[in-house]
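A.B. asks: First the structure, which I've put down as structure tokens, then a few questions once you've had a look.
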Amino acid sequence: FNDRDDIISSVLLQFNVQDGTVYGEDDYVQAAGKHPVDVSLPEGQNQIKNLEGYEENGWTYISFELAWESSDPYDFALRPQKPVWLILAYSMSDDFAHHSRMRQHLSVIW
């Protein structure tokens, strides 16, 4: 998530399912290849709530919730009827450090 079409300064949410357990990570992209977990940064917080997921027939399904606003300085407020950039990607690896296989940039309005 970002307020502009750029991976830098974006909220990076990563998810995977391993051995039936779903994992999620809330990161902040400081530079290409540098995206520390929010909770490792001063005043950073994990904003992912109600995380669920499973794998079935080679597909991974994830659901989660985010608050519209956050006190985390590495997030930004999501506003109804305002555009936000979604930079979507996937990888063939469950490793969060693995580079994405595909990336798509989309501007959406909540």
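The values are calculated or read from the model by the stated rules, or taken from the named source; none is laboratory data. Predicted model only: the values in this text are computed from it and were never measured. Heads up, the Cβs are rebuilt from the backbone with ideal geometry, glycines too, and the neighbour counts pull from every protein chain shown. These area figures cover heavy atoms from the full protein model, side chains too; ligands, DNA and RNA do not enter into them. Shrake-Rupley method; radii C 1.70, N 1.55, O 1.52, S 1.80 Å.
A.B. asks: Counting just the residues of segment 69-91 that are more than 22 Å from V37 (Cβ to Cβ) and part of a loop (DSSP other than H, G, I, E, B), which one comes out most open to solvent (accessible area, probe 1.4 Å)? Step through it out loud before you land on a result.
C.D. replies: Taking segment 69-91 first, the residues more than 22 Å from V37 (Cβ to Cβ) are 79-83.
Next cut, part of a loop (DSSP other than H, G, I, E, B) only: 79-82.
Working: R79: 110, P80: 79, Q81: 138, K82: 118 Å².
Among those residues, the one meeting the criterion is Q81.
A.B. asks: Starting from residues that are within 18 Å of I8 (Cα to Cα) and not in a strand (DSSP E or B), keep the ones in segment 92-110 and report whichever is modelled with the highest pLDDT.
C.D. replies: F96
A.B. asks: Going through segment 8-66 one residue at a time, which ones are of a type in the set (D, E), open to solvent by less than 70 Å² (accessible area, probe 1.4 Å) and not in a strand (DSSP E or B)? Lay out the reasoning, then the answer.
C.D. replies: Our first condition is that a residue be of a type in the set (D, E); within segment 8-66, this holds for 19, 25-27, 38, 43, 52, 55-56, 65.
Add one more test, that the residue is open to solvent by less than 70 Å² (accessible area, probe 1.4 Å), and what stays is 25-27, 38.
D38 - this is the single residue of segment 8-66 that is of a type in the set (D, E), open to solvent by less than 70 Å² (accessible area, probe 1.4 Å) and not in a strand (DSSP E or B).
A.B. asks: Any idea which residue in segment 72-91 is modelled with the highest pLDDT, counting only those that are hydroxyl-bearing (S, T, Y) and under 13 Å from the mean Cα position of the chain (by Cα)?
C.D. replies: Filtering segment 72-91 for residues hydroxyl-bearing (S, T, Y) gives 74, 90-91.
Applying the additional criterion that residues be under 13 Å from the mean Cα position of the chain (by Cα) yields 74, 90.
Numbers: Y74: 90, Y90: 76.
Within segment 72-91, the match that is modelled with the highest pLDDT is Y74.
A.B. asks: List every residue pair whose Cβ atoms lie under 7 Å apart, where the two residues are 6 or more positions apart in sequence or sit on different chains, the first residue falls within segment 51-69 and is free of Cβ contacts under 8 Å to residues at least 40 places away in the same chain, and the second residue, located anywhere, is open to solvent by 70 Å² or more (accessible area, probe 1.4 Å) and hydrophobic (A, V, I, L, M, F, W, C).
C.D. replies: L51/F64
A.B. asks: State yes or no: is I87 touching a residue at least 40 places away in the same chain (Cβ under 8 Å) and among the aliphatic types (A, V, I, L, M)? Working first, answer last.
C.D. replies: Values: touching a residue at least 40 places away in the same chain (Cβ under 8 Å): yes; among the aliphatic types (A, V, I, L, M): yes.
Considered against the rule, which asks whether it is touching a residue at least 40 places away in the same chain (Cβ under 8 Å) and among the aliphatic types (A, V, I, L, M), I87 comes out as yes.
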